[in-house]
Amino acid sequence: MAKSYSFDALGLLHAGTDESIANIAKLASQTLLAPIAYVSVLEKKKDLQHFAAAVSTVLDTSIFCEMSIEGSICKYVQRSNGTVTIDDVALDPRTAGNVFCRENRVRSYIGTPIHTPSGMTIGALCCMTVEPREWTPLDIDIIENLARCIDDVVKSRTIAREERTARLELQELLKTRADYVAHISHEIRTPLTGIAASIAMLDLATTKDRTDRLMAILKRSTAKLLDLVNDALDLAKLDVTSLEVVTQATTLRELVDDVLNDFVSQAAAKSVELQVDEQLDDMFYLADRNLICTILRNLVGNAVKFTDSGSVTVALAEDSYGQVEVAIRDTGIGIAPEFHDKIFKEFEQADATIARRFGGTGLGMSIVKRAVDRMDGTIALQSALGAGSCFTIALPLQPLNTGLLAA
């Protein structure tokens, strides 16, 4: 029985002997009267060829272990994405110097690709003989049909794995939704209680100072409730997976300026300077203005809130992959590394002390993450406690020809 190696190429190989794949290799050997048959998987990034299964009546199958792709014949199958036949390995210029073939007296080869469900070639089903052999169209038809059987195994395993993942994600989603409802119910009840109590006490207020204090409580509670409702609505909209990204021609500098204008007064009250560092030269892109503004408002708002002095800077540039990079940097209180992942979850803030001091719904960063995901972007955080924060967003936006826009 063939030896199997643990290589998780879409669930093709298992940690033990992979009998399904080995049986197909054995059938190929018997049908084509080839004393050597194996199934290989090529891991290009590591330059490794793995063996899912190998059967042989003339060789010890333990020799079928990991080897470099450069030293394998299967690389020609992957490169051509089609069946490769070599009637005499010793005479073919591609394989005349192949060490494996020379050491194991291999003289002929036939290999055909195996695929992922998306059609990408990941390896080959191969047969070898120890004598030169002219491979016929019937031989090619047989091995290609057997390779399709392996494709079916890969596909069924991939579907099964995706179904397991989907079930786990659904369970997590249901739990998150239940926690969300419980938490938001509590958060709404708190300001409503303050509003109701203040209204009731206004009738009993006998002095202007007492009335002013009650009105201040009403304003704070109303503002908190409004923030919570707005954030909850934003989060709910981003939860609708069928919601389309609506793109239009825009410059990111225009969006940044609009958002920063909303925070000028708040920043000035703390002597915090708002800055823009643009390196896009007012380039036009196809972008969803609403989603980008949602991201900017939450990140700039947090930056201003958590910065007592210094500056908040929005930097616009292109990264090395041609994506638009938006970085929001501040000189604020910073975030400890252990909280970097936590803050992107619903109702989470860095710690309870931060929540008590600065307030907030705990939904802002979750909204940002979902908006970034909706545009197929990424978000990264660099921060340390007391050293400010930098949120960097990379978005694959399509640039537009300004000449065409002018026309």
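Assorted remarks:
- Estimated FRET transfer efficiency (SER62, GLU169; beta-carbon r; R0 45 Å; 0.05): 0.65
- For peptides 130-141, 65-76, sequence by mean Cβ density within 10 Å, most packed first: 65-76, 130-141
- Cα-Cα over 31 Å, subset of LYS75/LYS155; LYS46/LYS342; LYS75/LYS369; LYS46/LYS175; LYS155/LYS342: LYS46/LYS342; LYS75/LYS369; LYS46/LYS175; LYS155/LYS342
- ³J(HN,Hα) computed for each position of region 126-135 - Karplus, 6.51 cos²θ - 1.76 cosθ + 1.60, integer Hz, glycine/proline x: 10, 10, 9, 10, 9, 10, x, 8, 8, 7
- Computed label-point distance, nm, for sites ASP257 and SER118 using a 7 Å Cα→Cβ extension: 4.0
- Separation in nanometres of the label points that stand 7 Å from Cα toward Cβ, at ASP141 and ARG102: 3.8
- Shape category assigned to region 19-163 from the gyration tensor of Cα positions, a/c cut at 1.5: prolate
- For the listed peptides 249-261, 99-111, 310-322, 268-280, a ranking on the average number of other beta carbons within 10 Å per residue, highest first, reads 99-111, 249-261, 310-322, 268-280.
Only the coordinates and a few stated rules stand behind these numbers; no lab work does. Nothing here was measured: the structure is a model prediction, and the numbers come from that model. With ideal geometry, Cβ positions are generated from the backbone for all residues, glycine too; neighbour counts draw on all protein chains shown.
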